Amino acid sequence: MLSSLKLLINGMSKNFGNRILALVSLILVFTILLSLYMLHTIKNSEISLLEHQKARLQQAAYAFDQSLEKSLHQYIAEQQAEGKSRAEKIEIVARYVNEIINDLKKEYPDVHIGLYVAELDVFYDGTQRFHENFSLRRKKAFEETIENKTTLVQDVGYQEGGIIEVYKPLVRAGRVEGVIRSAEYLSEIGFYNKRRQVEYTIYTLVGVVIAIGITGAMLLFRQLVTQVQKIKDGVRLLEYDYNRLLPEAPGELGEITAAVNRFAQKISALNLYNETMLAAIDDAILVVDTGGKIIIANSMCKKMFHLREDCWKDNFREALPKGSPFQILLDRSLKEERDFRDLQVSWANPPGNHNVQIYLLSTFALKDGSGNLIGAVLCCRDITERVRLEERLHRQERLASLGKLVAGVAHEIRNPITSISCYIQHWQRQKNGDQRALATVHREIARLDSLVNQLLYFAKPAEARFRMHDVNSLVENVLSFFGEVFYGKYNIIKDLSPYVPPAWIDREQIERVFVNIIFNAVQAMPEGGSISVGTSAAESGEGELVRISIGDTGCGIPPENLPHLFDPFYTTRPKGTGLGLAIAHEIIQAHGGRIEVESEVGRGTIFHIFLRTRGD
């Protein structure tokens, strides 16, 4: 409808617009022709004046040449100054040359006259300034004049102050002894002021003529053209904002604007309903046309995919993350004209980030009543928290059953182990039996006892006693212990931030977590390596956290093993129990924190532990 309305308005204003254009064009052509004629006259006058000035400067240079009756070389010889220094020669020649220059200035008061002496490399201008009193531009002109032995005329132009210069070689006995320079500054004689006055007069005249012409044309047709233009502008704005109604107009134009305003109000009300509905939906909704241009993006979509507020008309292939499942599926829906429903996808933004989000994704191809494709819709919901809650629930159920089993197993095997251990210790003190065999049995029983202790702790962990503790101090104590036990075998690298806030933790339990993770790092590097421990402050939606990063340069963890890393009894080592990391994970969860793992096979593993800084 808006397109048809534009065509109607353009047709109504076409004839009147042509009349105005013809009138204004006639006035402008007359003004331009008048301006060209006056500018041509100014140009001719300027050229004539410049030629007159050049002739006058050449006359002054010739007069200076005639006034120098003697050769400079001859004058120096007459003054018996040939054996004197350059500075003394300059002073002697200055008395002779400056007197002539000052006499000529009386005859040519507006002309700057001077003499450049090549042998002494000095320029005389009637003053006592002899040290570098000329510019590089003049130096170049002096050298060119001496080389060519001809008069050089230069017009520097308005940017340099409007200078006209004449450089005439001073030739004596067939030898160029120097260069006579005569120059005149046009700004000093008022040349540019006169030209500007003429130009201002022309511009004023042209402006007055144009203003009169335009004012006359506007007076003739102002009402119709103004109203039509307002309607055209209003219709153009309605494409982006239906709340900006057209202004009222008289006659038939008023009926058109009233009809357009009623139509815009209906569309605006419909858009308001749609925007309110889309804003209340927790899903991200993105609608694009067949070319990929974004038509609709609700607030959740902009937040989820980090779109610009004014993303309308952007192409979704550039707006959505490159290579993401959202971009790929939406593109396939447009190309294949098919729907994809309730697909669960995982995506980390940027790719490689360890914080992977899980989404429920659907795309639909949009078609009109004739079955033609007109666009596509993307519906996406972030189900990361729901999936993690389900996994945590299943894990808690599994651990509850495991806890009952562990408690029973520990009770059944602990008493026999205690009795056997007592007998073996008795035999060792009595020195009866094979001592090596007894020592082996005792060591294995001690290992079983350690396993029982871990099972009991895992099944029923000790009650946490939370306090505010300095994490850096805790890390120092643990690293000190490992440094003494494995002295010289491992390179321990510390990067402890002094700005880390205290953490709300149970000191003994968190110390157990650090010991378990560092012990795992030691077991991953049997031949030695580096262990790095760092602390820093981190931000999250829950507030400020403390991050502890523990890394090693060991064998790394294959990607397929990472999901099971914290499962009880899951281990890849022959003598491992598979409880160390499971206990660490349970402790961190009880503290309201989390553990994240980054690993690359052959390069090492990094554990990131996040702890709360407050107890609420």
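Candidates in region 596-616 are the residues that are of a type in the set (Asp, Glu) and in contact with a His (Cβ under 9 Å, 6 or more places away or on another chain); of these, the one that is farthest from residue 581 (Cα to Cα) is 598. Just one of the listed residues (97, 117, 93, 156) is of a type in the set (A, V, I, L, M), without any contact (Cβ under 8 Å) to a residue 24 or more places away in the chain and surrounded by 14 or more Cβ atoms within 10 Å (Cβ to Cβ), namely 156.
On the basis of being open to solvent by 30 Å² or more (accessible area, probe 1.4 Å) and either of a type in the set (D, E, K, R) or modelled with pLDDT of 85 or more (or both), does residue 364 make the cut? Taking the combined requirement at face value, the residue satisfies it. The one condition from (1) part of a loop (DSSP other than H, G, I, E, B); (2) modelled with pLDDT under 80; (3) surrounded by fewer than 12 Cβ atoms within 10 Å (Cβ to Cβ) that residue 150 does not meet is (2). Restricting the search to helices (runs of 4 or more DSSP H) fully inside region 289-341 and requiring at least 1 residues that are among the polar types (S, T, N, Q) and open to solvent by less than 50 Å² (accessible area, probe 1.4 Å) gives 325-336. Taken over region 60-81, the criterion of being open to solvent by 60 Å² or more (accessible area, probe 1.4 Å) and in contact with a helix residue (DSSP H, G or I) (Cβ under 6 Å, 6 or more places away or on another chain) is satisfied by 79 alone. Just wondering, is there one or more residues in region 499-515 that are on the phi < 0 side of the Ramachandran plot, in contact with a helix residue (DSSP H, G or I) (Cβ under 7 Å, 6 or more places away or on another chain), of a type in the set (Phe, Trp, Tyr) and at pLDDT 85 or above? Yes, the conditions are met somewhere in region 499-515.
Taking the criterion of being closer than 23 Å to residue 289 by Cα, of a type outside the set (D, E, K, R) and in a loop (DSSP other than H, G, I, E, B), the residues of region 357-392 that qualify are 369, 370, 371, 372. A Cβ distance below 6 Å, combined with a sequence gap of six or more or placement on separate chains, defines the contacts here; from region 486-500, residues that are assigned to a loop (DSSP other than H, G, I, E, B) reach residues that are hydroxyl-bearing (Ser, Thr, Tyr) in the pairs 497/535; 497/536; 500/535.
The values are calculated or read from the model by the stated rules, or taken from the named source; none is laboratory data. Keep in mind that what you see is a predicted model, and the values were worked out from it rather than measured. Neighbour counts are summed over all protein chains in view; Cβ atoms, including those assigned to glycine, are modelled from backbone coordinates with ideal geometry. All accessible areas refer to the heavy atoms of the entire protein, side chains included, with ligands and DNA or RNA removed. Shrake-Rupley method; radii C 1.70, N 1.55, O 1.52, S 1.80 Å.
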